[in-house]
C-alpha cells in the first residue's frame, strides 16, 4: 500500500505519482488568492524522461508517494557519454548518463561526495550536497569606490560555475555556496 500525501505535505525532492507517471518535486509554492480557493503551483521533473513541467494543484489534493533510496557516492570523473561515481562503502563504480547528473555537476569537483537517487533499484538522479566549499579560480578585483551597499562581482568557481560574491573576495579563496540557490554564504 502506497503512502498518500496531500499538497500541504509537499517537500522539495519528494517523489510522487501524477497520472501514473513518477515525478520529483523541484519546487513548489502555496498560493492563497483573495478570491477563490487556495492552490499549489509546482515544478515537477518526470523521472523517466527528465522533462520539467509546471503543474498547478488544488490545495489538499492527494497523491501516491513513491519511495526512493539514496546512496552516498564519490564523483570520480565524467566524459561525453558517462559520469562515473564510486560507492563510498563498497568501492563499486557506477556509470550514469550525463543528463542524469547535469545539475549536480555544476557544483562538484572530483572526489566530492554526491547522492545517487534510486527508484525501484534503478538510478534516476544525482544530487549535489546542499552546501559546498569551492575555490575561486577567476575574479576581477573589486574597484575602490564601488562599495554601494551589498556590492557584488562575478566570480568563477573551480567547478566552472559563476556566482556573485562580495567585492572583498579574491581569487584563490575558498567560499561556501548554497547549491540550491547558487548563493554565496561566506568564506570557508
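Within the range 5-26, being closer than 16 Å to residue 125 by Cβ and part of a loop (DSSP other than H, G, I, E, B) holds for 11, 12, 13, 14. Exactly one residue among 141, 123, 154 is loosely packed, with under 13 Cβ neighbours inside 10 Å, in contact with a strand residue (DSSP E or B) (Cβ under 6 Å, 6 or more places away or on another chain) and touching a residue at least 12 places away in the same chain (Cβ under 8 Å), and that residue is 154.
Taking the range 79-188 and the strands (runs of 3 or more DSSP E) fully enclosed by it, the elements with 3 or more residues that are more than 15 Å from the chain's Cα centre (by Cα) and over 23 Å from residue 27 (Cα atoms) are at 83-87, 93-96, 131-139, 152-157.
Among the residues of the range 49-74, how many are closer than 25 Å to residue 101 by Cα and in contact (Cβ under 8 Å) with a residue 40 or more places away in the chain?
Keep residues of the range 49-74 that are closer than 25 Å to residue 101 by Cα, which gives 49-55, 65-74.
Imposing the further condition that a residue be in contact (Cβ under 8 Å) with a residue 40 or more places away in the chain reduces the set to 50, 65-74.
The qualifying residues number 11.
Laboratory data are not the source of any read-out in this text; all were calculated from the coordinates shown. Predicted, not measured: the structure shown is a model, and the values here were computed from it. In this analysis, Cβ positions are derived from the backbone assuming ideal geometry, glycine residues included, and neighbour counts consider all displayed protein chains.
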